[in-house]
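Below: one structure, written as structure tokens.
The values are calculated or read from the model by the stated rules, or taken from the named source; none is laboratory data. All of these numbers come straight from a predicted model, not from anything done at the bench. Methodologically, a virtual Cβ is constructed for each residue, glycine included, from the backbone with ideal geometry; neighbour enumeration extends over all protein chains shown.
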Amino acid sequence: NDARRHQAGFAIYTPELDLSRTSHLSLLSELRQAVEQNELRMFLQPKVCLKTGRVDSAEALIRWQHPRRGFVPPFEFIPFAEQTGRIGQLTRWMLLRAMELTRDLAAKGTPLTVSVNVSARDVQDAGFPEVLDALLAQSGGAPERIRLEITESGVMENADRALTVLHALRARGFTLSLDDFGTGYSSLAYLRRMPVSELKIDRSFVQGIHRDADGESLVKSTIELSHNLGLSVVAEGVETIEEWQTLVRLGSDYVQGYFASKPLAVEDFIAWRAARTPFLVEAAGSGA
Ligand code: C2E
Ligand code: MG
Ligand code: MG
Ligand code: MG
């Protein structure tokens, strides 16, 4: 995971932006301005239901369109926002956008559930459930339309405190998803205690799965385990038809990845959904 590698102190060079040359102080004040100056965007990536080809849910991914630096990818500023205590503001911004959008789409008769990534800071914050109450009141959105993606490492930091927050969120009607599954250190005991309804298999386990027998049995067991625990499964990072077909065969419930679509601006997502769904892929060997 790029975000985590960055956090661990590796310098990642990108042609657009070299943050090691940028003073953190200036980034901090620019991040503060990003919300006020309307530089943030919510992009959406479809999650395709493998049984029906329908797209009733999507993941919200933050984008920063900086006036001078250009596009700043999340792994360049999310870890920084977490370290400097600004992440809560970004989470609130994304949640409000997601609540407004799902409210509007439900009113138009084209309901959508939107998954929003929440950081370790958020799930360790005992005040986070009340933040969500305020956002619901402000937006008139429905908690059932919002899914919160959490990571194992975010919970493990202080599992008891996080579990209290997660149960409070669940009690309000939000659903929870365990993101990047397989990359963290959580035990099966915690998985059982977490009130999540969905598990997302990290793309590092998905990519090349059709030519990796060990990888395939790992994913197969994870899907069976999830189903036995009553969780639905999303496979992340599906880029090819071969990966897609393998995941159909292994019984994944949803698939997300570039093969169906990259993350899109909201208007583009809505147009994509209208034109391209049901998104159906022929089974392997049927002459696809
Ligand atoms: P994530 O939550 O695991 O999101 C999935 C990432 O995989 C996204 O990267 C998405 O664009 C990318 N992806 C999707 N399909 C494919 C594929 O087929 N191939 C490849 N190579 N990549 C694919 P993105 O948007 O750059 O976000 C990276 C990470 O940044 C996210 O990982 C999440 O941890 C974090 N992030 C993004 N938006 C937010 C946010 O609003 N709040 C917080 N706290 N974190 C965010
Ligand atoms: Mg996610
Ligand atoms: Mg993920
Ligand atoms: Mg990931």
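Quick notes on this structure:
- Test: GLY215 is more than 27 Å from ARG145 (Cα to Cα) and in contact with a helix residue (DSSP H, G or I) (Cβ under 6 Å, 6 or more places away or on another chain): yes
- From GLU144, GLU216, GLU224, GLU157, residue being within 16 Å of ligand 1 (Cβ to nearest atom) and acidic (Asp, Glu): GLU157
- Residue that is farthest from ligand 2 (Cβ to nearest atom) [pool: residues in region 202-215 that are buried (at least 17 other Cβ atoms within 10 Å of the Cβ) and touching a residue at least 12 places away in the same chain (Cβ under 8 Å)]: HIS210
- GLY127 being small (Gly, Ala, Ser) and closer than 21 Å to LEU231 by Cβ: no
- Every test in (1) away from ligand 3 (no atom under 16 Å from the Cβ); (2) closer than 24 Å to LEU50 by Cβ; (3) at pLDDT 95 or above is passed by LEU135 save one, and that test is (2).
- Among the strands (runs of 3 or more DSSP E) confined to region 23-116, the ones with at least 3 residues that are within 16 Å of ligand 3 (Cβ to nearest atom) and either over 17 Å from the mean Cα position of the chain (by Cα) or within 19 Å of ILE270 (Cβ to Cβ) (or both) are located at 40-49, 57-66.
Yes or no, residue by residue, for (1) crowded, with 18+ Cβ neighbours inside 10 Å; (2) among the basic types (Lys, Arg); (3) free of Cβ contacts under 8 Å to residues at least 40 places away in the same chain:
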position: SER217; (1), (2), (3): no, no, yes
position: SER221; (1), (2), (3): no, no, yes
position: VAL238; (1), (2), (3): yes, no, yes
position: VAL248; (1), (2), (3): no, no, no
position: TYR258; (1), (2), (3): no, no, yes
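- Out of ALA168, ALA162, ALA189, one residue alone is part of a helix (DSSP H, G or I), among the hydrophobic types (A, V, I, L, M, F, W, C) and without any contact (Cβ under 8 Å) to a residue 24 or more places away in the chain. It is ALA189.
- Complete set of residues in region 72-102 that are buried (at least 18 other Cβ atoms within 10 Å of the Cβ), under 23 Å from LEU25 (Cβ atoms) and hydrophobic (A, V, I, L, M, F, W, C): VAL72, PHE77, ILE78, PHE80, ALA81, ILE87, LEU90
- Residues satisfying the stated conditions in region 145-169, i.e. modelled with pLDDT of 90 or more and under 15 Å from the mean Cα position of the chain (by Cα): ARG145, ILE146, ARG147, LEU148, GLU149, ILE150, THR151
- Residue check, VAL118 within 18 Å of VAL196 (Cα to Cα), surrounded by 21 or more Cβ atoms within 10 Å (Cβ to Cβ) and at pLDDT 95 or above: yes
- Every residue from region 256-281 that is touching a helix residue (DSSP H, G or I) at 6+ places or on another chain (Cβ under 9 Å) and not in a loop (DSSP other than H, G, I, E, B): LEU264, VAL266, ILE270
- Residues of region 194-250 that are part of a loop (DSSP other than H, G, I, E, B) and β-branched (Val, Ile, Thr): VAL196, VAL238, THR240.
- Checking ASP180 against (1) acidic (Asp, Glu); (2) outside any helix (DSSP H, G or I); (3) away from ligand 3 (no atom under 16 Å from the Cβ), the condition it does not meet: (3)
- Selection of region 29-60 for residues being surrounded by fewer than 19 Cβ atoms within 10 Å (Cβ to Cβ) and within 16 Å of ligand 4 (Cβ to nearest atom) yields only PHE43.
- Residue that is nearest to ligand 1 (Cβ to nearest atom), among those in region 177-201 that are modelled with pLDDT of 95 or more and surrounded by fewer than 22 Cβ atoms within 10 Å (Cβ to Cβ): SER197
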